[in-house]
Amino acid sequence: MSEDILTIRDVAEYLKVTEKTVYGLSQKGKIPGFKVGGQWRFRREDLDAWIEGQQRKRSRDE
């Protein structure tokens, strides 16, 4: 269960980007996440759905 909830560091590793990038995307509402006690958390299944949506959007734009 705890592996399904990710921190900013976990997401950065998962997406192969910096923690700063994940934080910025989170603050702007461009990546699905939520705050717990002032710290960002992310559900792996939401991120996977977001990734698929990004891929579909890119395919449509090409």
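Just so you know, all these numbers are worked out from the coordinates, no wet-lab data involved. If you're wondering where the values come from, they're calculated on a predicted model, not measured in any experiment.
Relative contact order (percent) for region 2-61, with alpha-carbon contacts under 8 angstrom and 6 or more residues of separation? Intermediate results must be reported in sequence, preceding the final value.
Numbers: 47 pairs, mean separation 20.1, N = 60.
RCO, region 2-61: 33 percent.
Give me Rg/Rg_expected for region 2-61, where Rg uses Cα atoms only and Rg_expected = 2.2 N^0.38 Å with N residues.
So the Cα radius of gyration is 1.11 times the expected 2.2 N^0.38 Å.
Quick one: 3J(HN,Hα) in Hz for region 41-51, Karplus 6.51/-1.76/1.60 with θ = phi - 60°, rounded, Gly and Pro as x.
9, 9, 8, 4, 5, 5, 5, 4, 5, 4, 4
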